[in-house]
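Following: one structure in structure tokens, then a few remarks.
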Amino acid sequence: MQSAPTSSAGSAAKATGNTPLGGGGSKDSTATKRSTRVRPGDFIFRGLSTGSAVLIMVILAGVALFLIISAIPAITADWSTNSDLNTGPTAAFPNFWAYVGPLIWGTLWSAAIALLFGAPIGIGIALFISHYAPRRLASLLGYLVDLLAAVPSIVFGLWGIIVIRPFLLPLSDWLNANLGWIPLFGGAVTTTGSTILAGALVLAVMILPIITSISREIFLQTPRLHEEAALALGATRWEMIRLAVFPYAKSGIVSATLLGLGRALGETMAIALIISPAILVSVRLITEGQNSQTIAANIALNFPIATTLQRDALIGTGLMLFVISLAVNSIARAIVGGKRGKRKKGGGKSSSPSPLSQLPSGDAAVSIALDDVTREGRATDVDTEAHISEDDVEGAGK
Amino acid sequence: MKFKNAAATGAVVIAAALALSACSSSSSTGSSTSAATSSASAGVVSPLDSTLKGTITAGGSSAQANAETAWTAAYVAQVAGVTVNYDKSQGSGGGVTNWLAGSYDFAGSDAPLKAAQQTSSQTLCGTGGGLNFPVYLDGVALIYNLPGVSTLNLSTDTIAKIFNLSITTWNDPLIAADNPGVTLPATTITTVTRSDGSGTTQNFANFLSASDPTDWTYPATNTWPIAGTSAQKGGSGVVQAVGAGAGTIGYADHSAIGKATAATINKVAFSQDAATAAFTAGATTVPTTTGDLSQKFDYSKLTGATIYPIPLISYQIVCSTFKDATQASLTKSYVGYVASTIGQQIAAKNAGSAPIPDSMLTQIQASLANVK
């Protein structure tokens with residue numbers, strides 16, 4: 001990372017005041033290039049960072065290869081006659097796809113419910129921290145939310161079993177008695193509380209820190225001028241947020257939500273502990289025996305007892321999860337990219353790209369750390385070479 | 001770079017799957033292992049060579065994990081040069097897989113080797129294949145939570161009908177017939193089963209399909225075959241869920257049920273003696289190879305006031321011929337100790353299991369003597 005030149009370029013641009021967007025950045029960066037001498041440190045750090053970049057590709061390829069090679073025997077086997085596969089966890093399924101289909105549904109379904117609860121609350125917390133809370137409370141709250149991310153999922157699982165399950169029982173009974181005609185709340189109501197609703201609620205809590213942290217960073221980056229302009233036009237706080245903050249942060253919110261979704265899709269331990277699973281496609285929320293199982297929890301539950309080919313089958317389901325995660329990330333990219341393109345066409349000065357669009361969507365902590373780096377440049381409305389792509393320069397130049 | 005998240009997710013899944021112990025996490029009596037120093041005059045004795053040195057690597061069934069801890073502590077107290085590492089996180093399936101791959105000196109498994117596994121073990125163990133030694137005996141308990149009902153008796157037929165979900169309320173005439181004089185509420189029955197694959201499920205399903213094939217038409221496998229139950233992770237999960245919900249009934253290793261209330265089955269309550277009596281009365285050896293001691297229960301013989309009807313056996317699986325003579329002598333010494341009267345008493349005291357009868361221990365010792 002060229003963080004040092006970036007910040008110096010940023011402060012230089014700040015000093016000059018109203019530098020046109022993009023132009024100042026490129027001018028600065030060419031100047032930086034010219035003045036840089038090559039030192040041994042440059043070689044070493046270049047080598048290290050290139051090595052890291054190559055390593056992540058190698059690891060990814062390794063994981064993908066492992067999943068594919070291990071899964072093939074199970075995918076191609078005849079499940080009804082194979083003595084390894086027609087017993088135990090894989091019994092009663094004619095082939096791999098009949099086994100993995102309900103699991104995919106369960107994975108998506110539980111993650112979707114978790115997102116339904118988690119995303120609005122997470123964005124709400126982020127908005128409170130960035131625009132409503134007094135500064136001291138905001139930093140405390142932000143710290144607490146980040147702390148939530150440090151709680152291990154097994155602890156969330158135990159909390160779900162001991163606290164959330166019994167807590168939701170009266171609600172489940174009421175929903176079943178009064179709204180039982182809706183398929184979601186139908187079926188035989190739970191007595192132990194191990195429902196997909198309980199699991200998804202715990203999952204929602206688990207994805208809160210990711211969504212909150214990222215949204216908060218985005219909200220904080222809303223150009224001060226936009227906010228003040230809105231307020232000057234007579235907008236209330238809420239109207240200002242609606243007019244200035246949300247449009248600016250829209251793609252960032254989508255990214256944050258989808259990162260949360262990624263976490264929800266892969267969550268294993270809490271789900272395995274809380275939900276009473278069955279491998280079937282069901283939308284029921286508050287039953288004991290009709291909760292769709294998720295891929296990750298299914299692997300965790302059955303791996304220890306699985307025979308060789310059953311392990312291959314489970315790894316095959318893992319491959320499907322890999323593919324789903326990949327698809328979710330691609331969709332996130334497409335949404336963010338699409339939004340950016342549209343806005344660019346509109347041609348306003350606010351066409352600055354979402355900071356997240358240039359970040360690897362992976363570990364939230366990395367994103368936030370990178371975000372902080374980006375913000376230094378962004379606060380002064382200057383994009384520097386370190387984090388701007390070709391088309392952004394074009395877009396900004398127009 | 002967008003692959004990174006997916007890669008991370010995939011890696012997490014695999015890592016989590018590997019790290020999880022999913023079998024019955026039977027946390028029984030505080031494991032203050034008493035190193036039994038008084039050599040019992042009677043019973044099966046396995047002489048220990050205290051000069052042995054080395055490491056035994058093993059793993060598998062978590063049902064026998066508490067017993068393994070007790071055996072290891074007592075064994076190492078007498079043979080100080082030997083370390084025994086038993087990895088219960090693998091579960092029975094993982095134990096056998098790793099043993100077949102040559103990573104383990106013995107595997108702990110709730111089921112004996114299947115025919116295909118026996119065949120593939122010949123690459124590891126020579127033509128003699130692998131030997132299954134029954135070393136751990138416990139019972140499957142049916143625990144229930146029904147406020148106001150402190151004692152419950154269930155017949156085999158009723159159990160099968162409850163667990164195939166055809167009996168749905170506690171005041172069903174069949175349950176009432178099993179419990180004369182007990183007032184049963186009209187509460188809905190919630191059956192609690194295992195969501196993870198388990199030897200407990202295997203043994204319970206064996207019992208159901210053998211004792212009541214008309215009501216229990218499902219295969220006897222290590223995963224619960226029917227949806228519609230409350231499926232929980234691990235024996236502790238079942239015990240927890242039964243404790244939490246009124247009207248529940250579930251099955252778990254008896255050594256792991258803690259304070260939960262267990263029903264009597266055909267009027268027999270679990271006791272260590274009743275489980276041992278079941279082994280004596282109903283277990284027959286069905287060898288898959290020479291010297292093998294795989295057991296099969298004839299459930300029709302498990303009747304009578306002193307015989308517990310749902311016993312649970314766990315095995316230690318060793319090679320008939322080891323590739324390494326040192327590991328052979330180490331493993332023979334340890335398994336020999338486990339299959340001695342003292343070893344069984346240590347497990348009974350510390351892990352709550354039932355002692356294997358001496359007649360079977362004698363056979364294990366005889367078979368073990370031929371292991372090379």
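Bear in mind that the values in this text are calculations on the coordinates, not laboratory data. Predicted, not measured: the structure shown is a model, and the values here were computed from it. Neighbour counts are summed over all protein chains in view; Cβ atoms, including those assigned to glycine, are modelled from backbone coordinates with ideal geometry.
Calculated [222 nm] ellipticity per residue, helices only, for chain B: -11000 deg cm²/dmol; basis is -39500 (n - 2.57) per DSSP H run with n ≥ 4, divided by all residues, nearest 500. With a cut-off of 15 Å between beta carbons, the residues surrounding A:Gly199 carry a summed charge of +2, where Lys and Arg count +1 and Asp and Glu -1. The simple spin-label model puts a point 7 Å past each Cα toward its Cβ; for B:Ser271 and B:Lys259 those points are separated by 2.4 nm.
Taking all C-alpha pairs of the stretch B:194-264, those more than 19 Å from each other amount to 33 percent. Could you pull out every residue, at least 5 positions away or on a different chain, whose amide H is within less than 5 Å of the one on B:Gly139? Hs are placed 1.01 Å off N in the peptide plane, and Pro or chain starts have none. Under 5 Å from the amide H of B:Gly139 lie the amide H atoms of B:His254, B:Ser255, B:Leu312, each far enough along the sequence or on another chain.
When both the stretch B:204-238 and the stretch B:306-368 are represented by their alpha-carbon centers, they are found 27 Å apart. Of the cross-linked pairs B:Lys233/B:Lys323; B:Lys88/B:Lys296; B:Lys114/B:Lys161; B:Lys259/B:Lys349; B:Lys88/B:Lys161; B:Lys114/B:Lys267, those separated by over 27 Å at the C-alpha level are B:Lys233/B:Lys323; B:Lys114/B:Lys161; B:Lys88/B:Lys161; B:Lys114/B:Lys267. Per residue, how big is the convex hull of chain B when only Cα atoms are used? Give it in Å³. Here the figure is 159 Å³ per residue. Per residue of A:305-315, other chain Cβ atoms within 10 Å of the residue Cβ number 6 on average.
Per-residue Cβ neighbour counts within 10 Å put B:Lys296, B:Lys349, B:Lys53, B:Lys332 in the sequence B:Lys53, B:Lys296, B:Lys349, B:Lys332, beginning with the fewest.
Averaged over peptide A:76-89, the number of partner chain Cβ atoms lying within 10 Å of each residue's Cβ comes to 2.
Spin-label pair B:Thr127-A:Ser330: with each label point 7 Å from Cα along the Cα-Cβ axis, the two points sit 5.6 nm from one another.
How big is D, in µm² s⁻¹, for the stretch A:77-357 by Stokes-Einstein at 4 °C and 1.567 mPa s if Rh is the Kirkwood radius over C-alpha pairs? For the chosen part, D equals 63 µm²/s. For chain B, give the share of DSSP beta bridges that are antiparallel, in percent and rounded to the nearest 5; count only bridges with both residues there. Here the share of antiparallel DSSP bridges comes out near 60 percent. Of B:Val192, B:Val335, B:Val182, the residue with the greatest mean-square motion in the GNM of chain B, using alpha carbon springs below 10 Å, is B:Val182. Other residues within the sphere of radius under 10 Å centred on the Cβ of B:Asn203, judged by their own Cβ, net out at -3 (K and R +1, D and E -1).
Taking other Cβ atoms within 10 Å as a rough exposure proxy, A:Met57, A:Met240, A:Met320 sort from fewest to most as A:Met57, A:Met320, A:Met240.
Estimated at 0.36 nm per residue, the fully extended path between A:Asp173 and A:Ser52 surpasses their Cα-Cα distance by 38.2 nm.
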